[in-house]
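The values are calculated or read from the model by the stated rules, or taken from the named source; none is laboratory data. Note that the coordinates shown come from a computational prediction; the quantities given were computed from them, not determined experimentally. Here Cβ is always computed from backbone atoms with ideal geometry, including for glycine, and neighbour counts include all displayed protein chains.
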Amino acid sequence: MTIHIVKLCVGAESVEDLALWQIEQIKRAKAAKAKIIAPVCGTRMWPKRVEDVLKGGSLYWVIKGVISVRQSIIAIDHVTDNHGPRCGIYLDAHLHRTAPQPRRAFQGWRYLDPKEAPADLSEAQGGSDLPEHLRRQLVELGAW
């Protein structure tokens, strides 16, 4: 059974911030001649349900209290970053904007049942043409 992961995107103000950070991550890795295949999210805790996550799971990013975007998970493997050895969640570079879904702050990551995951904006009923800040305001007002 497929399962997703939801994680806070600490420090990002927008989906564009996340995209820029991942582009810079790839550039730094190439400059250091590191073998990197895709954007990677390092985390302390390993998923126990790795096989379920790798059966089509995505990482849903919470940006400023709202799930705003997801990326398909393509691999999970060991990585070493400035925090030491960790779990590396390798992501497809394509960012899929989602219908905004509010989330309270939490530490680490959580599993996300596919039934509870927000739809991609291309599949949602409207809103894909709205700027991110307007979608966020609609969520804050309880109108989305």
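Find the residue count for region 6-35, including only residues that are in a loop (DSSP other than H, G, I, E, B) and in contact (Cβ under 8 Å) with a residue 24 or more places away in the chain.
Applying the first criterion (in a loop (DSSP other than H, G, I, E, B)) to region 6-35 yields 9-14, 32-35.
From what is left, the residues that are in contact (Cβ under 8 Å) with a residue 24 or more places away in the chain are 9, 12-14.
Matching residues across region 6-35 total 4.
Quick check: is even one residue across region 40-59 acidic (Asp, Glu) and farther than 27 Å from ALA99 by Cα? First the steps, then the outcome.
Residues of region 40-59 that are acidic (Asp, Glu), as a first pass: 51-52.
Filter once more, keeping what is farther than 27 Å from ALA99 by Cα: none.
No.
Count, please, the residues in region 51-101 that happen to be surrounded by 18 or more Cβ atoms within 10 Å (Cβ to Cβ), β-branched (Val, Ile, Thr) and under 18 Å from GLN25 (Cβ atoms).
Residues meeting the conditions: 6.
Scan region 1-57 for residues that are within 18 Å of ALA93 (Cα to Cα) and among the aromatic types (Phe, Trp, Tyr) and report the count.
Matching residues across region 1-57 total 1.
Here's the yes/no breakdown for (1) touching a Gly at 6+ places or on another chain (Cβ under 6 Å); (2) under 13 Å from LYS7 (Cα atoms); (3) modelled with pLDDT of 95 or more:
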site: GLU51; (1), (2), (3): no, no, yes
site: VAL66; (1), (2), (3): no, yes, no
site: ARG70; (1), (2), (3): no, yes, yes
site: GLY84; (1), (2), (3): no, no, no
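Which condition from (1) touching a residue at least 12 places away in the same chain (Cβ under 8 Å); (2) loosely packed, with under 13 Cβ neighbours inside 10 Å is the one that CYS41 breaks?
Just one mismatch for CYS41, condition (2).
Take the residues in region 1-22 that are modelled with pLDDT of 95 or more and more than 13 Å from the chain's Cα centre (by Cα), then tell me which one is nearest to ALA117 (Cα to Cα).
Per the stated criteria, the residue is ILE3.
Before we move on, is LYS27 surrounded by fewer than 13 Cβ atoms within 10 Å (Cβ to Cβ), out of contact with any Cys (no Cβ under 6 Å at 6 or more places or on another chain) and modelled with pLDDT of 95 or more?
Values: surrounded by fewer than 13 Cβ atoms within 10 Å (Cβ to Cβ): yes; out of contact with any Cys (no Cβ under 6 Å at 6 or more places or on another chain): yes; modelled with pLDDT of 95 or more: no.
Spelling it out, it is not the case that LYS27 is surrounded by fewer than 13 Cβ atoms within 10 Å (Cβ to Cβ), out of contact with any Cys (no Cβ under 6 Å at 6 or more places or on another chain) and modelled with pLDDT of 95 or more.
Residue by residue, here is whether (1) closer than 23 Å to ASP17 by Cα; (2) not in a strand (DSSP E or B) holds:
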position: ILE37; (1), (2): yes, yes
position: TRP46; (1), (2): no, yes
position: TRP61; (1), (2): yes, no
position: ILE74; (1), (2): yes, no
position: ASP77; (1), (2): no, no
position: GLY88; (1), (2): yes, no
position: HIS94; (1), (2): yes, yes
position: THR98; (1), (2): yes, no
